[in-house]
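Read the structure below first, then the notes.
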Ligand SMILES: C[S@@+](CC[C@H](N)C(=O)[O-])C[C@H]1O[C@@H](n2cnc3c(N)ncnc32)[C@H](O)[C@@H]1O
């Protein structure tokens, strides 16, 4: 079954709070967004499909960078309502649609992008094949997800957190890396289901579908970002995110 946790009102309140109240100081703004945008090739005149678009910030951004048309889809009506309120401009459309169903769109695109949503998807092989089919020849897929060294962790009573701090230094807890499958975690007091896939599985799935790997990024914040939120120095110990660009 597809999970739609972003339509749970308590979860949405918590998530909106870190993204909106924490604007400019959170990990998205200081780490994921700037590094993701560096990985996206020139969008001038391109058509783009954004999977799990959330508030649609990237969609407006790429339209302003010269994309011809951007379609953002998301399983959550709450996120699409916010996207329509905040980031709807000419040439950008938003639609409630699970990314598992993109083959029903009946359109092809020059680029598929997706930020921090693929770890919610059960069947990565099918998703990657569907993306390959929906891309025009030479098209790009750029996506970020939680880094496998983060998704691997299975909390237990005696080891409840995915990291420990010793003498002020951050140490990631690394376990279950080669045990692929579901991970249940608590986020904003809700049980959230994610899928852990190791690096090998992610890369091999992309290659098997026919993609050429162009660039892989395990992002760290800029010096400026660390000044804004020194906690993110920990990205040099253990990155939260993985960003990959592949080409058809
Ligand atoms: C962490 S948020 C990221 C939102 C946005 N991409 C960003 O970076 O700001 C993950 C998003 O993925 C969406 N999502 C999760 N599972 C999905 C699915 N099966 N199909 C489409 N969207 C999904 C969620 O509703 C949520 O908006």
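A short reminder: the numbers here are calculations on the coordinates, not readings from a lab. Note that this is a predicted model, so its numbers are computed, not measured. Ideal geometry is used to build each Cβ from the backbone, glycine not excepted, and the neighbour counts take in all protein chains shown.
Observations
- Antiparallel bridge percentage (DSSP; both residues within the chain; nearest 5): 55
- Counting beta carbons within 10 Å around each of 156, 205 and listing the fewest first gives the order 156, 205.
- Over 14 Å [Cα-Cα, the range 179-234], rounded percent: 72
- Rg/Rg_globular for the range 108-191, with Rg_globular taken as 2.2 N^0.38 Å and Rg from C-alpha atoms: 1.42
- Sorted by Cβ density within 10 Å, fewest first, the residues 220, 192, 246: 192, 220, 246
- The value of relative contact order for the chain, using C-alpha pairs under 8 Å at least six residues apart, is 20 percent.
- Alpha-carbon centroids, the range 71-90 and the range 164-231: separation in whole Å: 26
- Descending semi-axes in Å of the range 35-103, equivalent ellipsoid built from Cα gyration tensor: 19, 13, 11
- Here 199, 153 are placed in order of increasing Cβ neighbour count within 10 Å, fewest first, which gives 199, 153.
- Relative to the current alpha-carbon distance between residue 65 and residue 38, full extension at 0.36 nm per residue lengthens the span by 8.4 nm.
- Modelled label positions at residue 186 and residue 227, each set 7 Å beyond Cα in the direction of Cβ, lie 3.8 nm from each other.
- Kirkwood hydrodynamic radius (C-alpha pairs) into Stokes-Einstein, the range 141-244, 4 °C and 1.567 mPa s, D in µm²/s: 84
- Were the residues from residue 177 through residue 137 laid out at 0.36 nm apart, the gain over their Cα-Cα distance would be 11.0 nm.
- Separation in nanometres of the label points that stand 7 Å from Cα toward Cβ, at residue 212 and residue 107: 2.7
- In the chain, helices alone account for a calculated mean residue ellipticity at 222 nm of -7000 deg cm²/dmol, with every DSSP H run of four or more residues adding -39,500 (n - 2.57).
- The label point for residue 201 and the one for residue 166, both projected 7 Å from the Cα toward the Cβ, are 2.9 nm apart.
- When the alpha carbon gyration tensor of the chain is reduced to an equivalent ellipsoid, the three semi-axes, largest first, read 28, 21, 19 Å.
- Convex hull (Cα only) mean projected area of the range 1-80, reported in nm² to one decimal: 5.9
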